[in-house]
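Trainee: Quick one: structure below, then a few questions.
The values are calculated or read from the model by the stated rules, or taken from the named source; none is laboratory data. Only a predicted model underlies this, so the values are computations on that prediction, with no experimental measurement involved. Because the Cβ atoms are built from the backbone with ideal geometry, glycine has one as well, and the counts that use them run over all protein chains shown.
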């Protein structure tokens, strides 16, 4: 408990300094992003391919990144449903082993973070880069709070195609958090990750277009996210139909695709896991 409070205090004390350091670094470092790139409509509004599957249950991984856990031993992305089912169903001697590779789980946060560092150094593991970027951003799990290092790792992971890293950069640039605020750069990262299938980023683009009065573009984005099973976008599409922005045929087709996607990501284990983690 004391450790948590100490971390919280250090965040408050160092937040402004970290932000200034990261902003200065971002002004001097070229991470290789083409912020002048104009993405054409055909590419932007193409329905993305479905997400990869969990290698244990073979169901599509959930849209919520928080319900997907990267194993620091083997690097596999497992759904929380399979991890919690493993803990509940296996013999005591097996509970503390990775459900996929059976390696002993780390016994401390420090050991877990060290494994991610090793994975990043050995193979440019993009998930490890993103996780460590978050640790530096927030000063978590024994990592120093360092916005410049966080920005470096987010940027490197994004350049290597990591969706959550792109989304994190989009949020940072939109809020001016550890970087100088830039909606142009935020939109750039959001568009790239939306093309890759990130439903939260796609939904955000829809909201931005709606706020700008571009309702046709807004609902194109929202229908794509709804097709991929994103509930907030599905609700927005229903409301759009009530107000004449979405046709009845589009609503019907979107609803069918939405239900299909939700079914492809749902299981009893995942439902139980969601209940456990919300309790």
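Trainee: Please name all residue pairs, on different chains or six or more residues apart, with Cβ atoms under 6 Å, provided the first residue is in the stretch 120-135 and is over 15 Å from residue 163 (Cα atoms) and the second residue is modelled with pLDDT under 95 and not in a helix (DSSP H, G or I).
Mentor: Within 6 Å, the pairs are 135/141; 135/143.
Trainee: Which helices (runs of 4 or more DSSP H) sit wholly inside the stretch 191-274 and have at least 3 residues that are within 22 Å of residue 35 (Cα to Cα), under 16 Å from the mean Cα position of the chain (by Cα) and free of Cβ contacts under 8 Å to residues at least 40 places away in the same chain? Explain how you work it out, then say what you get.
Mentor: Values: elements: 199-211, 215-227, 231-242, 248-265.
Output list reads 199-211.
Trainee: How about the stretch 83-114: which of its residues are in contact with a strand residue (DSSP E or B) (Cβ under 9 Å, 6 or more places away or on another chain), more than 25 Å from residue 143 (Cα to Cα) and crowded, with 17+ Cβ neighbours inside 10 Å?
Mentor: 83, 86, 99, 100
Trainee: Run residue 15 past the list (1) modelled with pLDDT of 85 or more; (2) over 19 Å from the mean Cα position of the chain (by Cα); (3) not in a loop (DSSP other than H, G, I, E, B) and report the number of the one that doesn't hold.
Mentor: The single condition residue 15 does not satisfy is (1).
Trainee: If you scan the stretch 97-139, which residues turn out to be in contact with a helix residue (DSSP H, G or I) (Cβ under 7 Å, 6 or more places away or on another chain) and part of a loop (DSSP other than H, G, I, E, B)?
Mentor: The answer is 99, 106, 125, 139.
Trainee: Select, from 155, 143, the only residue that is touching a helix residue (DSSP H, G or I) at 6+ places or on another chain (Cβ under 9 Å), buried (at least 18 other Cβ atoms within 10 Å of the Cβ) and either free of Cβ contacts under 8 Å to residues at least 40 places away in the same chain or assigned to a loop (DSSP other than H, G, I, E, B) (or both).
Mentor: Values: 155 fails: either free of Cβ contacts under 8 Å to residues at least 40 places away in the same chain or assigned to a loop (DSSP other than H, G, I, E, B) (or both).
Being touching a helix residue (DSSP H, G or I) at 6+ places or on another chain (Cβ under 9 Å), buried (at least 18 other Cβ atoms within 10 Å of the Cβ) and either free of Cβ contacts under 8 Å to residues at least 40 places away in the same chain or assigned to a loop (DSSP other than H, G, I, E, B) (or both) holds for just one of 155, 143, which is 143.
Trainee: Here's something else I'd like to know. Looking at the stretch 87-99, I want the residues that are free of Cβ contacts under 8 Å to residues at least 24 places away in the same chain and have a partner that is exposed (fewer than 12 other Cβ atoms within 10 Å of the Cβ) and not in a helix (DSSP H, G or I) with Cβ atoms under 8 Å, at least 6 apart or on another chain. Which pairs are those?
Mentor: Every condition considered, the pairs that remain are 94/102; 96/104; 97/104.
Trainee: So the check is Cβ under 6 Å with 6+ separation or different chains; which pairs have a first residue in the stretch 106-119 that's farther than 9 Å from residue 72 by Cα and a second one that's buried (at least 16 other Cβ atoms within 10 Å of the Cβ)?
Mentor: Going by the 6 Å Cβ cut-off, the qualifying pairs are 109/141.
Trainee: Next up: Checking the structure you have, find out if any residue of the stretch 186-196 is at pLDDT below 95, surrounded by fewer than 22 Cβ atoms within 10 Å (Cβ to Cβ), closer than 22 Å to residue 69 by Cα and in contact with a helix residue (DSSP H, G or I) (Cβ under 7 Å, 6 or more places away or on another chain).
Mentor: yes
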